[in-house]
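Input: a single structure, listed below in structure tokens.
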Amino acid sequence: MIGVVGAGGDVTGCLESLEATPGVEKAVRISAPYKFVSKEFRKERTIIKVGRAEIGGDEFITMAGPCSVESEKQIMETAEAVAAAGATILRGGAFKPRTSPYDFQGMEGEGLKLLAKAREATGLAVITEVMSDRDVDLVAEYADILQIGARNMQNFALLKVLGRCGRPIMLKRGLSATIKELLMSAEYIVAHGNPQVMLCERGIRTFETATRNTCDISAVPVLNELTHLPVIIDPSHAAGKRSLVPALAKAAVAVGADGMIVEVHPCPEKAVSDGAQSLTIEGFREMMRTLRGYRELWKQEREAEMPLAV
Ligand code: PEP
Ligand code: MN
């Protein structure tokens, strides 16, 4: 399959002569402004393999861990607990985008080393945020997936560098970004050479104040119609409140997301960031138990949809 991007010219004539070329089965005009990430370009789901996980495959994926890496003890304890409860990917921020310059900014390089140590001990793959184009090579050295935070969704200099970082990317939807803008940002990464992109709905800013953000659950079926990229839900940042996380996680499974990313902390009241929305280890275990039946149904549905490999 060859994608031709660019605007203008005699598109119809071009399509006809392409179709007349030997070896060409079909030429398809892609009308969406996001070409590579569109369903028109590729019908099959993109599957991203990291460690034991296949994101976009036939398992609902769970990424879990603290908002920030705080200490060796904290990350090791959390990693072991979330792995035992069924997560396959460990989250933890080493570079933290904080609203206030006086808040904890992350352990940076030391945090990355601790994440790598936790991967070593548990076999979990690691996802962590990269905030600046200058840090991409460093973070890519330690992480299995690079997370692009909501505040950086349209940092185009960063998106371009991600095109050649050699790691899968999880691109979080901006606080006030439309679905089209999210897809255009994903297009930047793919157009610059990296097709391994997953999208993350983490709640958007609305007039509602009962939750930290409004979880746009319809973004999942909308994205599933428009793109072949995997879609992850972040119920923690959407809710902002621990008690709401399990219900939104259930919704993520039911609505057909490919996975979720959840904040878990051994002692949320002492967390340096996002303690109010972090599940305790026991809370996470309990949620994973409750989700088991839902995930089974999810799997049946996904398997029915996927052609059997011969
Ligand atoms: C996070 O994952 O801790 C985070 C800062 O997320 P977001 O970019 O969605 O706010
Ligand atoms: Mn957080």
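Tell me the net charge near Y294. Cut-off is 12 Å between Cβ atoms, Y294 excluded, with +1 for each Lys or Arg and -1 for each Asp or Glu.
Net local charge, Y294 excluded: +3.
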Rounded to the nearest Å, the spacing of the alpha-carbon centers of the range 257-310 and the range 78-106 is 15 Å
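Determine the gain in length on full extension of the stretch V11-S243; use 0.36 nm per residue of separation and subtract their C-alpha separation, reporting nm with one decimal.
Working: separation 232, 0.36 × 232 = 83.52 nm, distance 5.32 nm.
Once the chain is fully extended between V11 and S243, it gains 78.2 nm.
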For the range 224-236, what does the Karplus curve 6.51 cos²θ - 1.76 cosθ + 1.60, with θ = phi - 60°, yield as ³J(HN,Hα) per residue in whole Hz, taken in order and with x for Gly and Pro? 5, 7, 9, 9, 8, 6, x, 10, 10, 9, 10, x, 5
Tell me, how many Å apart are the Cα centres for the range 224-256 and for the range 117-149? 22 Å
Long pairs among K180/K241; K35/K160; K73/K117; K49/K160, criterion Cα-Cα beyond 18 Å: K180/K241; K49/K160
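Just to verify a number: FRET efficiency for E40 and A304, C-beta to C-beta distance, R0 = 25 Å, to 0.05?
On the way: r = 24 Å, r/R0 = 0.95.
Efficiency computed from Cβ-Cβ geometry: 0.60.
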Just how large is the dipole of the range 184-310 about the Cα centre, in debye to the nearest 20, putting +1 at every Lys and Arg Cβ and -1 at every Asp and Glu Cβ? 400 debye
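Would you please put 270-282, 207-219, 16-28, 122-134 in order of how densely packed they are, using the mean number of other Cβ atoms within 10 angstrom per residue and starting with the highest? Mind showing how you got there, number by number?
Working: 270-282: 18.8, 207-219: 14.8, 16-28: 9.8, 122-134: 21.2.
Top of the packing list down: 122-134, 270-282, 207-219, 16-28.
At R0 = 51 Å, how high is the FRET efficiency between Q154 and A20 if r is their beta carbon distance? Nearest 0.05 is fine.
On the way: r = 40 Å, r/R0 = 0.79.
In this case the efficiency is close to 0.80.
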By average Cβ neighbour count within 10 Å, what is the ranking of 105-117, 77-89 from highest down? 77-89, 105-117
Just for the range 48-304, what percent of DSSP beta bridges are antiparallel, to the closest 5? 15 percent
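How much accessible area per residue does the chain have, counting only protein heavy atoms and a probe of 1.4 Å, in square angstrom?
Numbers: 14570 Å² over 310 residues.
It amounts to 47 Å² per residue over the chain.
The values are calculated or read from the model by the stated rules, or taken from the named source; none is laboratory data. For clarity, every value in this text was computed on a predicted model and none was experimentally measured. Using ideal geometry, Cβ is built from the backbone for each residue, glycine included, and neighbour counts are taken over all protein chains shown. Surface areas here come from the heavy atoms of the whole protein model, side chains and all, with no ligands, DNA or RNA. Shrake-Rupley method; radii C 1.70, N 1.55, O 1.52, S 1.80 Å.
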